[in-house]
1. Bin by bin, in steps of 10 Å, what percent of the Cα pairs in the chain do you find, going until the bin that has the longest distance?
2. Let me know the volume per residue of the alpha-carbon convex hull for the range 1-48, in Å³.
3. Going down the list 107/142; 49/142; 6/44, which pairs span over 29 Å between their C-alpha atoms?
4. With charges set only on the Cβ (+1 for Lys and Arg, -1 for Asp and Glu), what does the dipole of the range 4-51 come to about its Cα centre, in debye to the nearest 20?
5. From Cα pairs below 8 angstrom and at least 6 apart in sequence, can you work out the relative contact order of the range 67-161, rounded to a whole percent?
6. 222 nm [θ] for the chain, helices only, -39500 (n - 2.57) per DSSP H run of 4+, per residue, to 500?
7. About the Cα centre of the range 15-162, what is the dipole size in debye to 20, counting +1 per Lys and Arg Cβ and -1 per Asp and Glu Cβ, all else neutral?
8. Over the alpha-carbon set of the range 67-161, divide Rg by the Kirkwood Rh and report the Rg/Rh ratio to two decimals.
Amino acid sequence: MEDEVKLSLIIGQKEFEMIGSESEVKQKWEEMKQSDDWDVILQKIKLVKKDTDEFTVVAKNELAADKFASLIHHSNITTKSDRILAAIFHLRDLQKLEDCPPRLIEKLFDSSNLGLPGNLSLYINRLRDRGFLTIPEKFSEKNRYVILTEEGHRHLNQKFSQ
């Protein structure tokens with residue numbers, strides 16, 4: 001005689017309970033997976049997961065924007081070029097993003113209510129000329145892959161500590 005097995009599922013307002021031998025429960029489970037109800041339930045689960053994933057992304061972006069805004073407001077970072085350097089530091093070093101296209105930097109400024117900085121390429125090129133930013137060779141001079149140099153980190157640390 002097989003031991004009794006119980007499978008209980010609660011999905012939203014629906015409860016499913018299957019009790020019996022292992023083979024009976026497996027058979028009931030297979031039958032349930034073939035039913036129209038199960039397809040509806042799976043669709044609902046997928047929608048909830050999608051909504052949850054989207055909410056998580058929005059929440060992470062809002063938290064990141066809040067942290068960036070706090071970083072700017074509690075430091076001596078007033079010029080646009082220093083704010084762009086801080087944004088790149090925030091995205092690359094703190095959030096660990098490898099690819100930071102201009103639209104992402106602009107979105108960070110916008111979400112932080114700091115106002116858009118203007119021509120990012122111009123600022124990034126000037127920061128590169130000053131030795132604060134560099135682009136690893138494997139990315140063939142694309143500004144979206146800039147990283148702070150040691151000099152760039154030193155410059156920002158000075159601003160943060162003032």
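Please treat every number below as a calculation from the coordinates, not as lab data. Just so it is clear, the model here is predicted, and its values are computed rather than measured. Because the Cβ atoms are built from the backbone with ideal geometry, glycine has one as well, and the counts that use them run over all protein chains shown.
1. Per 10 Å bin, starting at 0, the Cα pair percentages come out as 9, 28, 19, 10, 11, 14, 9, 1.
2. Given the Cα convex hull of the range 1-48, per-residue volume reads 62 Å³.
3. Listed pairs above 29 Å: 49/142.
4. Taking the Cα centre of the range 4-51 as origin, the dipole is about 340 debye.
5. That works out to 34 percent.
6. Calculated mean residue ellipticity at 222 nm is -19000 deg cm²/dmol.
7. So the dipole magnitude of the range 15-162 works out to roughly 1160 debye.
8. Value, to two decimals: 0.92.
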